[in-house]
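S.K.: My structure is below; once you've seen it, I'll send some questions.
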Amino acid sequence: DLVLIPAHAFAAADFTAFESELYAMVARVLGASRIARQAPVSQGPKRESRAVMLYPEGANGWVETKELGVTYGLDVTKVMFSSGNGTEKNRMGSVQAQGETVVDLFAGIGYYTLQLLKHAGAAKVYACEWNPNSCAALRHNLRVNNVESKCEVLEGDNRRTAPTGVADRVL
C-alpha cells in the first residue's frame, strides 16, 4: 500500500504547485494509499534511510513484505531494505543449522536471523545491531514470525556487544 517513487520523480519546480493532487492521483492509479520518495541511503555507519513520505500528509512509512516465508517489517523513512540479498537470505534458510547457536553481526531488520530461526533450525541467535530503528524493526519481525523466544537482540556497537565463546556459527 506504499509506493516508493524514484528520488527525481516529479521533483521539478513545475510540480510543486499541485503536488498534493499529483500524489493523490499517483496513489489512486497505482492502487496505493501512501507515496514516499526514495533518497540515497546515508553513508554514515548506520546506513539510515532518507526516504520522505509525500502523501498523505502525516502518513507513516511502516511497511511489511513477505519473502521466502518470512515477514519483514520496517519504516522506509528510517531503515533501508536490502532487496539485493535475496540469494543469501535463501541460502541462510537452507543451511544445516539445526540446534546451533548463531551470532549475527550487523543483523539489520533480521534478514538472516529470521531465515536461520524459521527455516534452518537454529536454536538461538544473538542478533547484534547498532541502528536503533533497525533494532525496533527486528524486534517486531521476531514477534510477527513467532521466533522472539529464540533470539536475543544486542543493541549497540558489535565490537562491544557481540558475545564471545557462544557460537557454532558467526555471520
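S.K.: Residue by residue through the range 64-120, note down the ones that are more than 20 Å from H140 (Cα to Cα) and either under 14 Å from the mean Cα position of the chain (by Cα) or without any contact (Cβ under 8 Å) to a residue 12 or more places away in the chain (or both).
M.R.: Within the range 64-120, G84, N85, G86, T87, R91 meet the criteria.
S.K.: Moving on. Out of the residues in the range 59-79 that are over 17 Å from V147 (Cα atoms) and small (G, A, S), which is most open to solvent (accessible area, probe 1.4 Å)?
M.R.: In this case the residue turns out to be A59.
S.K.: If you take the residues in the range 50-88 that are hydroxyl-bearing (S, T, Y) and in contact with a Phe, Trp or Tyr (Cβ under 8 Å, 6 or more places away or on another chain), which one is nearest to S20 (Cα to Cα)?
M.R.: For the range 50-88, the residue satisfying everything is Y55.
S.K.: Any idea how many residues of the range 73-106 are touching a helix residue (DSSP H, G or I) at 6+ places or on another chain (Cβ under 6 Å) and under 12 Å from V63 (Cα atoms)?
M.R.: 4
The values are calculated or read from the model by the stated rules, or taken from the named source; none is laboratory data. None of these values were measured; they are calculated from a predicted model. With ideal geometry, Cβ positions are generated from the backbone for all residues, glycine too; neighbour counts draw on all protein chains shown. Accessible surface areas use protein heavy atoms only, side chains included; no ligands, DNA or RNA. Shrake-Rupley method; radii C 1.70, N 1.55, O 1.52, S 1.80 Å.
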